[in-house]
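All remarks here apply to the structure that follows.
Bear in mind that the values in this text are calculations on the coordinates, not laboratory data. Keep in mind the model is a prediction, meaning the values are calculated, not measured. Counting neighbours? That spans all protein chains shown, and the Cβs are built from the backbone with ideal geometry, glycine included.
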Amino acid sequence: MRHLKSGRKFDRSPSSRRAMFRNLTANLILHERIETTDAKAKELRRVAEKLLTKAMRLGKVAFTPQVDLTAADKAKRLHATRLVGSFIARFGVKTLPGGETEKVDLVEKVFVDLARRFEGRAGGYTRIIKLGPRKGDGAHMALIEWVVRPAAGGVPVTEAAAETAPATA
């Protein structure tokens, strides 16, 4: 019996499962939305939100420029960046339109971009949208994305603003 045993095993060893979630979390941070199976998305939500919470607990220290921080704040930020960096890879490669690639610092993106974007939010940083069965094997698919996503101008779009905004064709 699995009483009080949280988390899905996905028929993998613990090291393989950890590697899978490290890669999924890095891809979620890099691409801001990914398509995966429903079960993996539900487990990924737990992992990704805990990672972002480490940055969110710092408050404004997470995204303040390094030169403006006190020694104590620098130490707190360094500790938090090392905790996040120990779980996800430091850099990710994003393919741009036209075939060019861009190297993105994932740890900095968590602290500078995502922490600023979710400032003042108590939790619930991700959203899961169910897509239906996959054509090949019938697995239930889902789209997982950050709740607040950047608009074209760089200003974050919240849920309420996205719902009231006019739809473009």
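Dividing the Cα radius of gyration of region 45-161 by 2.2 N^0.38 Å, with N the residue count, gives 1.23.
Listed by chain and number, the lysines whose alpha-carbon sits under 17 Å from that of Lys60, ignoring those within fewer than 8 places in the same chain, are Lys74, Lys76, Lys109. Note on Arg12 and Glu35: the model spin-label points, each 7 Å out from Cα along the C-beta direction, lie 2.0 nm apart. Each peptide in 3-15, 40-52 receives the mean, over its residues, of other Cβ atoms within 10 Å, and ordering these scores from highest gives 40-52, 3-15.
The lysines whose alpha-carbon is closer than 18 Å to the alpha-carbon of Lys9, local same-chain residues fewer than 8 away aside, are Lys40, Lys42.
Per residue, the chain reaches -11500 deg cm²/dmol at 222 nm when only DSSP H runs of four or more residues are counted, each adding -39500 (n - 2.57). The separation of region 116-131 from region 1-28, counted between C-alpha centres, amounts to 21 Å.
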